[in-house]
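Chemist: Encoded as structure tokens, here's the structure I'll be asking about.
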Amino acid sequence: MQDEERLLIENKVTINAEQKIRNKAYLKYELSTKAQQQPNSNFFLVPREWLYFKSRDTSKAINRLVARRMAESPVIFDEDKMEYSAKRMEVFMKERGYYNAEVETSTKILPDNKRVQVMYDIFPNQQYFIDTITYFSKDSTIQKLLNETSDERFLKQGVPGSIELYNKEVKRIVDFLRDQG
């Protein structure tokens, strides 16, 4: 490792919400998967990056085995990837109905000056929910068909306004209308 390079040891996601959030633990997990850089894992409590450095001499068969099966190259902290990850987290929150969500990033360099922790502070603000659903078509036949299938819709009153549900609903309507000719 170079002198200015630091090993990423942790991504910490914190959700700072004033109101109660449904499925907060799952949301936190989903957000943590959006981080582009993930720290190295352990192999029976031994850091895999340590195994990587110890198995660099590939003249021995055991080192080749360790390098191939157990070692991981160290994850070097990259600030650009941290910022990109924060943007991905904001997009993810907007897709879940948190249209004013903000993500702040910070780093903590450990005393040895070789390792870094990345903190993602999520401020979800207000989540938007669906209040009223109305289908409108200029063609009265299509309008009648849309009204007939309203009980099958994905978008329902009281559900968070998610882009994923919206896309499912559009696909459902398009598929239904195609099946009707």
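Chemist: Within segment 97-113, can one find any residue that is aliphatic (A, V, I, L, M) and assigned to a strand (DSSP E or B)?
Modeler: Scanning segment 97-113 turns up at least one residue that is aliphatic (A, V, I, L, M) and assigned to a strand (DSSP E or B).
Chemist: Related question: Among the residues of segment 22-50, which ones are surrounded by 15 or more Cβ atoms within 10 Å (Cβ to Cβ), assigned to a loop (DSSP other than H, G, I, E, B) and of a type outside the set (S, T, N, Q)?
Modeler: Within segment 22-50, Lys34, Ala35, Pro39 qualify.
Chemist: Another question about this same structure. Which residues, counting only those in segment 126-151, are surrounded by 14 or more Cβ atoms within 10 Å (Cβ to Cβ) and in contact (Cβ under 8 Å) with a residue 60 or more places away in the chain?
Modeler: Gln127
Chemist: A further question follows. Answer yes if at least one residue in segment 152-167 is part of a helix (DSSP H, G or I) and either of a type in the set (A, V, I, L, M, F, W, C) or open to solvent by less than 40 Å² (accessible area, probe 1.4 Å) (or both), and no otherwise.
Modeler: yes
Chemist: Still on this structure: Can you tell me which residue within segment 83-122, out of those that are surrounded by fewer than 17 Cβ atoms within 10 Å (Cβ to Cβ) and of a type in the set (Phe, Trp, Tyr), is nearest to Ile15 (Cα to Cα)?
Modeler: Selected residue: Tyr99.
Chemist: Out of everything in segment 2-17 that is more than 18 Å from Tyr29 (Cα to Cα) and assigned to a strand (DSSP E or B), what residue ends up being modelled with the lowest pLDDT?
Modeler: So, considering only residues that are more than 18 Å from Tyr29 (Cα to Cα) and assigned to a strand (DSSP E or B), the one modelled with the lowest pLDDT is Leu7.
Chemist: Considering only residues that are surrounded by 12 or more Cβ atoms within 10 Å (Cβ to Cβ) and under 21 Å from Lys94 (Cα atoms), look in segment 168-181 and name the one that is modelled with the lowest pLDDT.
Modeler: Top of the filtered list is Glu169.
The values are calculated or read from the model by the stated rules, or taken from the named source; none is laboratory data. Just so it is clear, the model here is predicted, and its values are computed rather than measured. We place every Cβ from the backbone using ideal geometry, glycine too, and count neighbours over all the protein chains shown. Each accessible area value is taken on the protein alone, full model and side chains, heavy atoms only, with ligands, DNA and RNA left out. Shrake-Rupley method; radii C 1.70, N 1.55, O 1.52, S 1.80 Å.
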